[in-house]
Amino acid sequence: MGMGRQAVGAKLRGWLRALPLVILLAAAGCSGGLNPAGEAVVDIATTLADPTNGISQEIADIGAFVFESTAASKALPEARYRTMTFSAGPLLYMRDRFDQGKFIWNPSAGAYEVTETSLPVSAGDASGTLTNIYFTVSFFTSGDTSGTSVQLTNPSAGLASNAGTVRSMKYHREVSGTVTDSRTGVTRAFSAATDLTVRWSDGASLSVEGTHTRTFTHSFPEGRTASGTISFTVPPDLAVSWKQRADFSYMVIVDGTIICTYEATVSRADGTTQDITKTASMEFDRSETAFVSVVGLSVRVNLLTGRI
């Protein structure tokens, strides 16, 4: 028996998603050139999943901090501290700096704060320097970040010493720097600001909402540059949890969709310029990958490595 129309459509979409990136972009182009939508979707996907500073890196960082005591309990029921390692992938600035005691409690602000400069970074294929990184993190016993923020009993233990009492947090990060992808040769200079509200009722799942906005200049090997802004909106229903992997590490997984607006001026090696404005959706499906789509063109990006 032949396949139904819906099954054929699903198979075709899967085949298209599996095509090499160059073929996809060329197919989206006209007169043998690359379609601006194709260029935008790759730029957005790579920015989203950059394991050194992308929005997926921030969500993984938050999840690792909240989940580490739960992962430890699963690995060793009597454990109070982290014993199950986080999978290789996104850098964990916030969690590691709490572990190391680098966050300082500011009673007047009701927040933990840390500032670092000239920080070398390397993860996946990306490496470079963060010229400045600034965090403020506030914790609340309410489930909606209302009321007065509280100081953790033992910050280096994550939420293990405050399990059942702390149920939400506000996260603010400002970061600027330059990173280069060794695989593609693309250099990304950026300045980004993130504001997120995080809520949970247990140590196994949480929800995230907020914004992430960055200005950037991306330089490509063929001489093209793209300069502009990317604005991400994280909806209130973005669900974040964790799973144990076959190597007994754990990873943060996301279920939901992030929307972003991409506005850039592209300057090409031949001297021509073009203004591009695109709306993109980033669909997470509780796995190591996410699909990024712009006007019907979709690419899959690995959230652990940042690779398209």
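Among the conditions (1) closer than 24 Å to THR52 by Cβ; (2) surrounded by 14 or more Cβ atoms within 10 Å (Cβ to Cβ); (3) in contact (Cβ under 8 Å) with a residue 40 or more places away in the chain; (4) out of contact with any Lys or Arg (no Cβ under 7 Å at 6 or more places or on another chain), THR136 misses just one, which is (3). Against the test of being surrounded by 14 or more Cβ atoms within 10 Å (Cβ to Cβ) and modelled with pLDDT under 90, the options THR261, THR215, THR305, THR257 yield a single qualifying residue, THR305.
Would you call SER156 within 30 Å of ASP125 (Cα to Cα) and small (Gly, Ala, Ser)? In short, yes. Please indicate, with yes or no, whether at least one residue in the range 218-240 is over 16 Å from the mean Cα position of the chain (by Cα), among the aromatic types (Phe, Trp, Tyr), in the same structural domain as VAL294 (by TED's automatic domain parsing) and assigned to a strand (DSSP E or B). There is no residue in the range 218-240 that is over 16 Å from the mean Cα position of the chain (by Cα), among the aromatic types (Phe, Trp, Tyr), in the same structural domain as VAL294 (by TED's automatic domain parsing) and assigned to a strand (DSSP E or B).
Restricting to the range 89-121, name every residue that is exposed (fewer than 14 other Cβ atoms within 10 Å of the Cβ) and either within 26 Å of ILE253 (Cα to Cα) or among the β-branched types (Val, Ile, Thr) (or both). Give the derivation first.
Going through the range 89-121, the residues exposed (fewer than 14 other Cβ atoms within 10 Å of the Cβ) turn out to be 100-101, 104-109, 115, 117-118, 120.
Scanning the range 89-121 gives GLN100, ILE104, THR115, THR117.
Conditions tested, residue by residue: (1) at pLDDT 95 or above; (2) in contact with an Asp or Glu (Cβ under 8 Å, 6 or more places away or on another chain).
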| residue | (1), (2) |
| --- | --- |
| ARG80 | no, no |
| ALA88 | no, no |
| GLY110 | yes, no |
| THR117 | yes, no |
| ASP125 | no, yes |
| SER138 | yes, no |
| ASN162 | no, no |
| HIS172 | yes, yes |
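Checking each residue of the range 66-78 against the condition of being crowded, with 21+ Cβ neighbours inside 10 Å, at pLDDT 90 or above, touching an Asp or Glu at 6+ places or on another chain (Cβ under 9 Å) and assigned to a helix (DSSP H, G or I) gives no match.
The values are calculated or read from the model by the stated rules, or taken from the named source; none is laboratory data. Treat the numbers as computed from the prediction; the structure is a model and nothing was measured. Using ideal geometry, Cβ is built from the backbone for each residue, glycine included, and neighbour counts are taken over all protein chains shown.
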